[in-house]
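The values are calculated or read from the model by the stated rules, or taken from the named source; none is laboratory data. These numbers were taken from a predicted model, which means no experiment stands behind them. Because the Cβ atoms are built from the backbone with ideal geometry, glycine has one as well, and the counts that use them run over all protein chains shown. What goes into the accessible areas is simple: the full protein's heavy atoms, side chains included, and nothing from ligands, DNA or RNA. Shrake-Rupley method; radii C 1.70, N 1.55, O 1.52, S 1.80 Å.
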Amino acid sequence: MSRRRVVITGLGVVSPVGNNVEETWNSVKNGKSGVTRISLFDPSRLPVQIAAEVKNFNIEDYGIDSKAVRKMARFSKFCLAASSQAIADSGYTKEALQAEKAAVMVGCCIGGMDATSEAFAKLDDPEAGPMRMPPLTTPLMISNEAAANVSIYYGLQGLSWTLNTACASGTDALGLAVDLIRSGRTDVCISGGTEAAITEFAVASFVKLQALASKFNDCPEKASRPFDRDRDGFILAEGSAMFILEELEHAKKRGAKIYAEVAGFGSSCDGYHITAPLKDGSGAALAVKEALADAGMSGEEVQYYNAHGTSTHANDVGETNMLKVAFGDHAKKLHISSTKSMTGHLVGAAGAIEALFCVKAINEGFIPPTINIENQDIEGGCDLDYTPNKGIECNVDVAASASLGFGGHNGCIIIKKYKD
């Protein structure tokens, strides 16, 4: 019995470089950075004062009544906006989706940090105190609420799950959604990732880990510089990318346009350290190899790899080593880029938006750049082709994207050009 094939029939995104797919992709193609001075709070007390915020976001732009989102945290609003784009793009209406065997699967790492911060401010205010905390603090802050709110808004009663594997959450959510469709548990899945954690508490927490870029407050657009010798940390970002994943025959029967096929998924854990990756990349390489095996492909069939590429010393060297382990000599021929150089790190949504860029690379035959590579860190071990500073036209039949999260969580997804 042949395995059910899974295709992508809808795309949606809210990001630091655009609030829809076309705007976001054009920004990335042209090397536009979304990193700016923080405006969501006063960052003057912090040594890191920059982030990649979503800008000019208005939920009503997506045909969603503002009254419907009054009881949602920022990460849920992003997810609903991206989902509404993907649903409309797929040709579904709310009523048509309700008639389907449809599910929701969302990757989210941190959840409603804005609601948490607001509640703690009330708690610590001597004129307010615990009894003045917002009554909806709990449902606003817990990470499952993005998926729940998509289900509630569209009246979907199929499974509605949230996956948290740190920075691998978005990739793993897509992979698990594929498995659900293959298994027959669902025919259609609204899946991706969302995050909105740019608060003083969250930024300060990452500062204490020495994880964020701190040398570029005066030139934010230069701060995210994966694989560059002068990198000094990642840029915290926010946003959401969501997909409509669908069983192939189901999509064909309703005449849906098909962007690409999800060919394989793999997952692993380093089993090593709570924040640091294995230096030799062997743990993450297991996820890539598993994804290739799941797709029935060899590494030589992959033309483009969208890197986790966080702009930290540990990640960029470890990921380069991982590619050499996973792809062997073919690693030297891969077109690689880290779009985090422009979008920043969307944490639980990172893998989802990077999968979207893989789809667009396949559809348009274009490899987006890694910007800010001014002095490639070859001596430090970053010696592959990272598509520095300017994107290139290139046929892409198969693209891969891996995400490597705190705790050693690794996920990899393989996307290929659709052929009937």
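Okay, here's what the table says:
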quantity	calculated
Residue selected from the range 316-355 under the condition in a loop (DSSP other than H, G, I, E, B) and either under 27 Å from residue 105 (Cα atoms) or among the charged types (D, E, K, R) (or both), by the criterion nearest to the chain's Cα centre (by Cα)	346
Hits in the range 271-306 - residues which are among the hydroxyl-bearing types (Ser, Thr, Tyr), crowded, with 17+ Cβ neighbours inside 10 Å and under 20 Å from the mean Cα position of the chain (by Cα)	304, 305
Any hit, the range 7-22, residues being open to solvent by 10 Å² or more (accessible area, probe 1.4 Å) and at pLDDT below 95	no
Of all residues making up the range 181-201, the number that are surrounded by fewer than 21 Cβ atoms within 10 Å (Cβ to Cβ) and aliphatic (A, V, I, L, M)	0
Sole residue being among the small types (Gly, Ala, Ser) and under 21 Å from the mean Cα position of the chain (by Cα), chosen from 183, 169, 214	169
Per-region count, the range 1-38, residues of a type in the set (Gly, Ala, Ser) and part of a strand (DSSP E or B)	4
Residue list for the range 103-138, restricted to those being within 22 Å of the chain's Cα centre (by Cα) and among the small types (Gly, Ala, Ser)	103, 107, 111, 112, 115
Selection from the range 105-164 of residues that are open to solvent by 70 Å² or more (accessible area, probe 1.4 Å), over 19 Å from residue 70 (Cβ atoms) and in a loop (DSSP other than H, G, I, E, B)	126, 127, 157, 164
Subset of the range 84-104 that is in contact with a strand residue (DSSP E or B) (Cβ under 9 Å, 6 or more places away or on another chain) and assigned to a helix (DSSP H, G or I) - its residue that is nearest to residue 243 (Cα to Cα)	86
For residue 45: the one exception among (1) modelled with pLDDT of 95 or more; (2) farther than 20 Å from residue 204 by Cα; (3) part of a loop (DSSP other than H, G, I, E, B)	(2)
Subset of the range 165-220 that is in a helix (DSSP H, G or I) and of a type in the set (D, E, K, R) - its residue that is nearest to residue 348 (Cα to Cα)	172
Qualifying residues in the range 221-233 (those that are part of a loop (DSSP other than H, G, I, E, B) and on the phi < 0 side of the Ramachandran plot) - the one surrounded by the most Cβ atoms within 10 Å (Cβ to Cβ)	224
The range 370-383, residues that are open to solvent by less than 10 Å² (accessible area, probe 1.4 Å) and either of a type in the set (A, V, I, L, M) or under 17 Å from the mean Cα position of the chain (by Cα) (or both)	370
Options 396, 347, 317: the member that is aliphatic (A, V, I, L, M), open to solvent by 10 Å² or more (accessible area, probe 1.4 Å), touching a residue at least 60 places away in the same chain (Cβ under 8 Å) and in contact with a Cys (Cβ under 9 Å, 6 or more places away or on another chain)	317
So residue 309, is it in contact with a helix residue (DSSP H, G or I) (Cβ under 8 Å, 6 or more places away or on another chain), in a loop (DSSP other than H, G, I, E, B) and open to solvent by less than 10 Å² (accessible area, probe 1.4 Å)	yes
Qualifying residue in the range 261-270 (condition: closer than 13 Å to residue 405 by Cα, hydrophobic (A, V, I, L, M, F, W, C) and open to solvent by 10 Å² or more (accessible area, probe 1.4 Å))	yes
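Residue by residue, here is whether (1) among the hydrophobic types (A, V, I, L, M, F, W, C); (2) out of contact with any helix residue (DSSP H, G or I) (no Cβ under 7 Å at 6 or more places or on another chain) holds:
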site: 351; (1), (2): no, no
site: 370; (1), (2): no, no
site: 384; (1), (2): yes, no
site: 391; (1), (2): no, no
site: 394; (1), (2): yes, yes
site: 411; (1), (2): no, no
site: 415; (1), (2): yes, no
